[in-house]
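Comments concern the structure below.
The values are calculated or read from the model by the stated rules, or taken from the named source; none is laboratory data. Not measured: the values here are computed from a predicted model. Here Cβ is always computed from backbone atoms with ideal geometry, including for glycine, and neighbour counts include all displayed protein chains. Note: areas computed on protein heavy atoms with side chains; ligands, DNA, RNA excluded. Shrake-Rupley method; radii C 1.70, N 1.55, O 1.52, S 1.80 Å.
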Amino acid sequence: MKLYYAPQSPFARKVRVAAIELGLSDRITLEYAKVVPGLANRTYADAVNPLRQVPALVADDGKIIHGSAVICDYLNALAGGNLLPPPTASDRWRVLTNDALAQGMCDAVIAVRYETGLRPPELRWPAWVDDQWDKIRSGLAWFNDHGDQLDGPLDISHITLGCLLGYVEFRFGDHGWTDFPVVTSWYRSLCRRSSFELTRPADPSA
Ligand SMILES: N[C@@H](CCC(=O)N[C@@H](CS)C(=O)NCC(=O)O)C(=O)O
């Protein structure tokens with residue numbers, strides 16, 4: 001299998017961590033895809049993902065799967081793993097909802113990055129950036145108040161939340177997330193897993 005990725009992307013990291021946790025990483029080769037808003041990578045759009053986003057997986061039979069949550073669902077099924085409860089399990093909706101929350105927080109932080117790092121300064125909208133950070137902080141407050149959701153065996157929402165925090169740390173330093181002590185102490189222990197150590201975010205040129 002081939003995974004189109006970028007080394008700084010929290011969504012691509014989610015898939016890389018999941019692959020390691022599922023014992024599939026040896027079956028996946030990584031290929032960097034440069035996808036930057038405003039610089040249309042038409043080759044990638046035509047051949048891989050019309051949205052021009054990473055990650056995207058090319059499976060062994062050639063099918064292309066994109067969307068980090070969909071790729072993780074595919075890999076989990078391939079490996080017979082437990083990162084997602086099976087379709088018949090009542091717990092599935094809890095895990096998927098937690099994952100949708102963490103995924104939305106990743107969307108918000110990437111939006112902040114594009115707004116503050118890529119958009120021309122004269123076009124920036126500070127109130128909108130504050131609003132994205134507020135969504136991230138609301139999500140962190142929710143996980144902090146529902147610490148039981150972070151207990152137990154690793155599931156896909158834990159991976160997504162860990163990738164969100166890793167990206168915030170990488171691009172923005174603390175930025176206030178250490179105000180959430182339950183999440184912070186859980187994250188520190190998550191970072192000791194080899195799947196997280198092996199996939200720390202980095203700039204493409206590093
Ligand atoms: N919903 C997608 C989001 C992926 C995403 O936003 N990836 C970013 C990199 S972190 C990207 O490819 N950005 C380029 C663009 O949107 O043009 C997923 O879960 O995979």
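Per-residue ellipticity at 222 nm, computed for the chain from helices alone with -39500 (n - 2.57) per DSSP H run of at least four residues, works out to -16000 deg cm²/dmol.
Defining a contact as two alpha carbons under 8 Å apart and six or more residues distant in sequence, what relative contact order in percent does segment 87-204 show?
Values: 75 pairs, mean separation 34.7, N = 118.
Across segment 87-204, relative contact order equals 29 percent.
Among His158, His66, the order of accessible area from largest down is His66, His158, computed with a 1.4 Å probe on protein heavy atoms. Between Asp60 and Arg124, the FRET efficiency from the beta-carbon distance, with R0 = 45 Å, is close to 0.55.
Annotation: peptides 118-131, 94-107, 191-204, ranked by per-residue average of other Cβ atoms within 10 Å with the highest first, follow the order 94-107, 191-204, 118-131.
Summed over the residues of the chain and divided among them, the accessible surface reaches 50 Å² per residue at a probe radius of 1.4 Å. The packing ranking, built from the mean of other Cβ atoms within 10 Å per residue, places the peptides 163-170, 45-52 in the order 163-170, 45-52, highest first. Distance from the alpha carbon centroid of segment 16-71 to that of segment 91-144 works out to 22 angstrom. What you get for the chain, charging only the Cβ of Lys and Arg (+1) and of Asp and Glu (-1), is a dipole of about 500 debye around the Cα centre. Taking the charge dipole of segment 2-79 about its Cα centre, with +1 at Lys and Arg Cβ atoms and -1 at Asp and Glu Cβ atoms, the residue from Ser68, Ala47, Gln8 reaching farthest to the positive side is Gln8.
Descending by average beta-carbon neighbour count within 10 Å, the peptides 142-154, 18-30 line up as 18-30, 142-154, the highest first.
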